[in-house]
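Trainee: Pasting a structure here, questions to come.
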């Protein structure tokens, strides 16, 4: 529901306006509510009463009101006004709609009464004294019940501020005659006695406090109409069927089983029934089980008997769903494609390992580097030795094919031979005298 900003509340939220007025002025500026919704009695009944004067109480205030039972202290719940935008008041239409949705005519709602004043200290003290005498009232009443041998169990007593009436709540399997009991109780306490028969759930509302969940009992906290709860709700919600685990303080099935019953019904209507034929992406199958909250269906496939969980959004018509033959062919194709991919990856890994073998440690890497370096140095030496040979070959190709040193040696030998031969010839000649 959208929240509409109202001018009057926007003005009140302005700190400048709040600081300008004192608390007394602000309280005086408030408009008194026409009707006040209150809660009263041990059964926590609800009433909407008009007020006399200009009472401006707050939520939770203790008031003194004239109800259909008499004068008693009540607790204010809210106010009804035409504008319910403050969050602490409701419109009369909203209140009546809530009552209609919570039980209608069975809802304990009363409007014959009037709020008289805000409860004073004396009113609260008198009410506390009456509450302290509840054990006295019950003890005396139980003595009389035992004396008259009446088959009934007294549960609680509800005194009111004006002491016009004293209400006793009792449990009984059968109809009982308590006229003499009422006569003696009226003479003893000098007030009008009212006896009200209640059931097991109302007994829990009167005397119970907390439930196993750690919260106040729903019947005592907010439930006003206690409707019966059947075992079907527990079966639909897949709860345990042990009565000791799903029973409340009253010994009956817990009221909280009824909270989600409508939701479970709506969700269960979406699921297929058991033993029905449905279609899935893996073929047709039979519904074995279902989960209501998660909206999952357990399907047993017909062709291989495998059980799979399928969301209801993925269910198909069994006539148009994929066939097992198509699924097997598709599976084979996927396996073949996966096998090819695996073989390609293995082949690439082998080729990479042969081309560049991985060294198991760092020493071999260093040795390989040294070998490479020595190989490079040997190539450099060989290249240096081959260079003059090439140059010599070039020079030989350019000349007569003999090296220069050899040619020089030949020249020298020739010169030596000529000089030696000339000397011999001159020595062989006859000298002149």
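Trainee: From the square roots a ≥ b ≥ c of the eigenvalues of the alpha-carbon gyration tensor of the stretch 105-232, which class results: rounded (a/c under 1.5), prolate (a/b over b/c), or oblate? Show your work: numbers first, answer last.
Mentor: Numbers: a/c = 1.70, a/b = 1.08, b/c = 1.58.
Oblate.
Trainee: Here is a follow-up. May I ask for log10 I(q)/I(0) of the stretch 271-322 at q = 0.26 Å⁻¹, from a Debye sum over the Cα atoms as equal point scatterers with solvent left out?
Mentor: -0.95
Trainee: Taking the number of other C-beta atoms within 10 Å as the exposure measure, put 40, 189 in order starting with the fewest.
Mentor: In order of increasing Cβ crowding within 10 Å: 189, 40.
Trainee: What list do you get for 36, 160 if you sort them by fewest beta carbons within 10 Å? Walk me through the intermediate numbers first.
Mentor: Working: 36 25, 160 21.
So the residues, fewest neighbours to most, are 160, 36.
Trainee: Got the relative contact order for the stretch 267-329 handy, in percent, Cα pairs under 8 Å and 6 or more residues apart?
Mentor: Here the relative contact order equals 34 percent.
Trainee: In whole Å, what are the extents of the stretch 126-198 along the principal axes defined by its C-alpha atoms, from largest to smallest?
Mentor: Dimensions of the stretch 126-198 along the principal axes of its Cα atoms: 36, 23, 17 Å.
Trainee: Got the relative contact order for the stretch 109-171 handy, in percent, Cα pairs under 8 Å and 6 or more residues apart?
Mentor: This gives 27 percent for the stretch 109-171.
Trainee: A further question on this structure: Can you tell me the length gained on complete extension of the stretch residue 323 to residue 256, counting 0.36 nm per residue apart and subtracting the Cα distance?
Mentor: Length difference between fully extended and current span is 19.5 nm.
Trainee: Based only on other Cβ atoms within 10 Å, what is the fewest-to-most ordering of 259, 170?
Mentor: The order, fewest Cβ neighbours first, is 259, 170.
Trainee: Same structure again: Considering the convex hull of the alpha carbon atoms of the stretch 89-135, report its projected area averaged over all viewing directions, in nm², one decimal. All intermediate terms of the calculation are to be shown ahead of the outcome.
Mentor: Working: hull surface 22.6 nm².
Quarter of the Cα hull surface area: 5.6 nm².
Trainee: Here's something else I'd like to know. How big is D, in µm² s⁻¹, for the stretch 294-333 by Stokes-Einstein at 37 °C and 0.692 mPa s if Rh is the Kirkwood radius over C-alpha pairs?
Mentor: 287 µm²/s
Trainee: Another question about this same structure. Antiparallel as a % of all DSSP beta bridges within the stretch 126-198, to the nearest 5? Don't jump to the answer; show the numbers that get you there.
Mentor: Numbers: 6 of 12 bridges.
Of those bridges, close to 50 percent are antiparallel.
Trainee: Highest mean first, how do 289-298, 43-52, 322-331 rank when packing is the count of other Cβ atoms within 10 Å averaged over residues?
Mentor: Values: 289-298: 15.7, 43-52: 18.3, 322-331: 12.1.
So the peptides 289-298, 43-52, 322-331, ranked by packing, come out 43-52, 289-298, 322-331.
Readers should treat all values here as calculations from the given coordinates under stated rules, not as data from a laboratory. Here the structure is a predicted model, which is why all the values come from computation and not from measurement. Neighbour counts run over all protein chains shown; Cβ positions are idealised from the backbone, glycine included.
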